[in-house]
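Scroll down for the structure; my scribbles are underneath it.
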Amino acid sequence: MAEFELDLDNVTFTYEDETTALANISLRARAGECVVVLGANGAGKSTLCFLLSGIVPQIFGGRREGKVRVAGQDPWDLPLYATSKFCGVMLQDPEVQLFNPNVFAEMAFGPANLQMPREEIIGRIGESLELLHLVGLEQRNPRDLSGGQKQRVALGSVLTMRPRVLVLDEPTSQLDPIGRWEVAEAIRRLKLTHQMTIVLTTHETDDILELADQVVVLDSGKMALAGSPAHVFSQRSALEESGVRIPMALEIMDGVQRMVDQPSEWTAEYLKDLDALKVSSGIKAMIHEGALQVHAEPPAQKAAVVQTRDAALEAVSVTYRYPGNPPVVALQDVNLSVGRGEIVGIIGQNGSGKSTLVKCFVGLLRPTKGQVRVNGQDIAKVSVGQMSQKVGLVLQNPDYQLFTSSSREEILFGLSNLGITGESAEAKVHEVLKWVDLEKEIETFPFRMSFGDRRKLAVAATVALDPQVLILDEPTTAQDHRGRYQIAEIGRRFRDEKGRTVLMITHDMDLIARYAERLIVMWNGQVLLDGPTAEVFRQVDVLERTFLHPPMPTQVALQLQPVGLPGDVIRLEDLLGALGRKSA
């Protein structure tokens, strides 16, 4: 076995359209190491995954310079079936890898094609099901699973191949908090028990502090930073330039240490088991030492407005059962009302009923029981086409909504159906593409864009129709730090400038704390909590039952309440604003 399972030396790759996606990349990793690759959308992360797994050049052509060795072999010279024996890959969008009739068959497909013994295949499937918490779903069709469950099934189908090198492109992008923890735990176990070398691309920096042995930051195809997590995350300015957010726990401590003129230089020991308790203990020590003081009143919170405005959306005793034997109950007697002009966040684990609820709101699904109203009108007799002018839904997977030859045509299609053509339509195209920073992609075929950019295009095409209600289902999926806030800002602008109603379904607690005035928590198809965002996040014990946690600033603030910190903190700036340097 070679000393390095992964060995790239001065690698440059240029696609057939002359786009240079990677430039002068050098990287090495031993067996059992985990390399985490960060960077904004378009930085070259997916291309790196394609290069390691043989997808380049077998599917996407181009020119390569430099040396690539994966498990001692060069994927460039091998067909994909040969590369798959030593390098497994899970792509950003799990649905492109799922095609079998049930989960068991999906996981059996790879090793069966490698002609492994039946007993070994069954054993590997059982281990992967347990590792990824998918036991009980063996006979379910992957198409009927939630987005997070699909992602775990796709990962399981790769793990049953037992590759020496595992390449994961955004493996947690569609997962809820517990799902992200499960995948991270699975990766830890794979490192220890199978000595797999793992390359993982992600935007979720909070999840990788303990997982990563090396961190690489790509910026426009070049290596902007590389080294240990402690080294990389100490380079705040370079990370900001590359569009990468440091983990929230470090963001808090960096802000506090800058208040007292202490350098933010992390160590591996400090990053170990870093959580809200460890952060709050560090802040308490600074307060007791006299370096910091608490000086702020509780931040003013925006009250939920549902009681003071007419209802834009209503669910009245809504129950929905997916057909099957037995039927799957996705919603059970849901009652809620969303006021006009509200920005409402909906959170909950995958499978809790969030997406089913919003599909009922737009008429894609008809409740088994109960009633859905839009602006007071029962939608039971309203066609989906008519509903699109009232409620705009951006689906979790944008590929379900994109079907034309360019970004321009994608937006013009909906406008033409509303009778908007000519200069007015062209002006709207440029307006909404500017909102999502895709003006340069106006003539680009959507499926040549990254998954994150396709999601932004779907948002732009929906907003162009000017619906009365805008629903964003998982707007942060596959989005970098800048992109997720761009989309959330579109929602806020849509509400502020046009008085529209906005619903956001997300697993990003920091984002929802910043934008939502009201929060709805779903659990087992029911509404568990509903109220002003700060109040809901204070219900820590109730949230724990759903395996959800408040944003890190809230967790830290709750730990600091004994020393006088307000309990209503939900945002980073609120937490830092409540602290200050001790006066001399």
(request) Quote the Stokes-Einstein diffusion coefficient, in whole µm² s⁻¹, for the chain, based on the Kirkwood radius over alpha carbon pairs, a temperature of 25 °C and a viscosity of 0.890 mPa s. (result) 97 µm²/s
(message) Between R236 and Q139, what is the label-point separation in nm under the 7 Å Cα-to-beta-carbon projection?
(response) 5.7 nm
(request) Could you please report the charge total around G531, scoring K, R as +1 and D, E as -1 over all other residues with beta-carbon less than 11 angstrom from its beta-carbon? (result) -1
(message) P(r) for the stretch 396-478, please, calculated from all Cα pair distances in 10 Å bins and given in %.
(response) 19, 57, 23, 1
(request) Kindly give the semi-axes, whole Å and largest first, of the ellipsoid equivalent to the stretch 465-517, taking each as the square root of 5 times a Cα gyration tensor eigenvalue. (result) 18, 11, 10
(message) Could you derive backbone 3J(HN,Hα) for the stretch 216-225 from the dihedral phi with the Karplus parameters 6.51, -1.76 and 1.60 (θ = phi - 60°), listing whole Hz in sequence and x where the residue is Gly or Pro?
(response) 10, 10, 9, 9, 6, x, 10, 7, 7, 8
(request) Sort 451-462, 430-441 for me by packing, meaning the mean count of neighbouring Cβ atoms within 10 Å per residue, highest on top. (result) 451-462, 430-441
(request) Subtracting the Cα-Cα distance from 0.36 nm times the residue separation, let me have the gained length for R118 to R448 in nm, one decimal. (result) 114.9 nm
(request) Holding the Cα-Cα limit at 29 Å, pick out from K45/K67; K150/K191; K191/K354; K150/K498; K440/K498; K191/K456 the pairs that are longer than that. (result) K191/K354; K150/K498; K191/K456
(message) Largest first, please: the extent of the C-alpha atoms of the stretch 499-548 along each principal axis, to the nearest Å.
(response) 35, 21, 18
(message) So for each of 324-332, 231-239 I average, over its residues, the number of other beta carbons within 10 Å; can you give me the resulting order with the highest mean first?
(response) 231-239, 324-332
(message) Please report the antiparallel percentage of DSSP beta bridges with both residues in the chain, rounded to the nearest 5.
(response) 55 percent
(request) Quick one: plug the Kirkwood hydrodynamic radius of the stretch 6-241 (C-alpha pairs) into Stokes-Einstein at 37 °C, 0.692 mPa s, and report D in µm²/s. (result) 182 µm²/s
(request) Provide the gained length on full extension for the span N335 to V542, in nm with one decimal, where the gain is 0.36 nm per separating residue minus the Cα-Cα distance. (result) 72.6 nm
(request) Name the long-range amide H neighbours of C34: under 5 Å, sequence gap of 5 or more, or other chain; modelled H, no Pro or chain starts. (result) I198, D213, Q214
(request) First select every other residue whose beta carbon is under 12 angstrom from the beta carbon of V103; then total the charges, Lys and Arg +1, Asp and Glu -1. (result) +1
(request) Determine the relative contact order of the stretch 397-524: mean sequence separation of Cα pairs under 8 Å and six or more apart, normalised by residue count, in whole percent. (result) 23 percent
(request) Could you give the DSSP H helices of the chain that reach 24 angstrom or more along their long axis (alpha carbon positions) and whose average Kyte-Doolittle hydropathy is no lower than -1.0? (result) 177-194
(request) Would you mind working out the magnitude of the charge dipole of the chain relative to its Cα centre, with +1 at each Lys and Arg C-beta and -1 at each Asp and Glu C-beta, to the nearest 20 Debye? (result) 980 debye
(message) I'd like the Karplus ³J(HN,Hα) series for the stretch 166-171: coefficients 6.51, -1.76, 1.60, θ = phi - 60°, whole numbers in Hz, and an x wherever there's a Gly or Pro.
(response) 10, 10, 10, 9, 6, x
(request) Sort 527-535, 281-289 for me by packing, meaning the mean count of neighbouring Cβ atoms within 10 Å per residue, highest on top. (result) 527-535, 281-289
(request) Can you figure out the FRET efficiency of N524 with E265, using R₀ = 35 Å and their beta-carbon distance, to the nearest 0.05? (result) 0.20
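Just so you know, all these numbers are worked out from the coordinates, no wet-lab data involved. As the structure is a prediction and not an experimental result, all values here were calculated from the model. So basically every Cβ, Gly included, is an ideal-geometry build from the backbone, and we count neighbours across all protein chains shown.
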